[in-house]
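What follows draws every value from the coordinates through simple rules; no lab data is involved. What you see is a predicted model; the values in this text were computed from it and never measured.
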Amino acid sequence: MTMDKIKLKWVWIGLSSIFVTAIILYWGWFYVSFNGLPWKKYVIANELKEHVEQKYNIETTIEERYYTFKKPSYGVRLSEKGKNETFTFTADKVGDELLDSYLQHVWASQINEDMQPIVEKHMTNVHKHTAHPSSHIEYNYTGVIPLYKDVNEQLQYHILLKKVDEEVTLTQLFHVIDEMKKKDIRNVHLYVGSQTLPPKASFKTLDIPGNELDNIKTKEDILKYR
């Protein structure tokens, strides 16, 4: 092999090494951009877990660690020891700010406890129904978690119907609203929708703020909120 061929061989080896290194670096950058740094997921998850436990004086278990590339932020899904196994909530670190949804899930759990028996008692055509934690609410923590009824916010409760029989739906929903008023549930915003709608349905959805419940005197009044 001549000297020129040896030099050419080493040039190709060098270029190949640079190309492979560039690909590895690119895919490494791509992976980190969408999935975050694995070690950082664990460090921040532990930081968030400790923060939440001290903030609310609770014990938690880490269910999932994650990275959100859109924000970007690292986060963790936690369950509270001693609570129902379905009770989980999230905590995120966005920049230097630590955010969590514990209170919103506590309130959603309280709402479900009050609302689910009411809906199941009066409504016969429900596909599913549940409270939805409102992510925009930030409670100024003072050491005591208030009941959801004492929160000056409209909290969400969704009812999805299998189909709409307008007369039956309005009658049954009116009974639900009447019982809500009797139990002083006035900060739960009702959202009612359906999987299927009759061709001439007078409403597709109903959006009823809790602070409007006292204005509903008859079942026809519900149609104001379609």
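Using the reciprocal of the averaged 1/r over all distinct C-alpha pairs, how large is the Kirkwood radius of the stretch 39-106 in Å? Display every interim value, and only then the final one.
Working: mean 1/r = 0.0840 Å⁻¹.
By the Kirkwood definition, the hydrodynamic radius is 11.9 Å.
For Asn215 and Lys163 in the same chain, what is the full-extension length gain: residue separation times 0.36 nm, less their Cα-Cα distance, in nm?
Full extension of this stretch gives 16.1 nm more.
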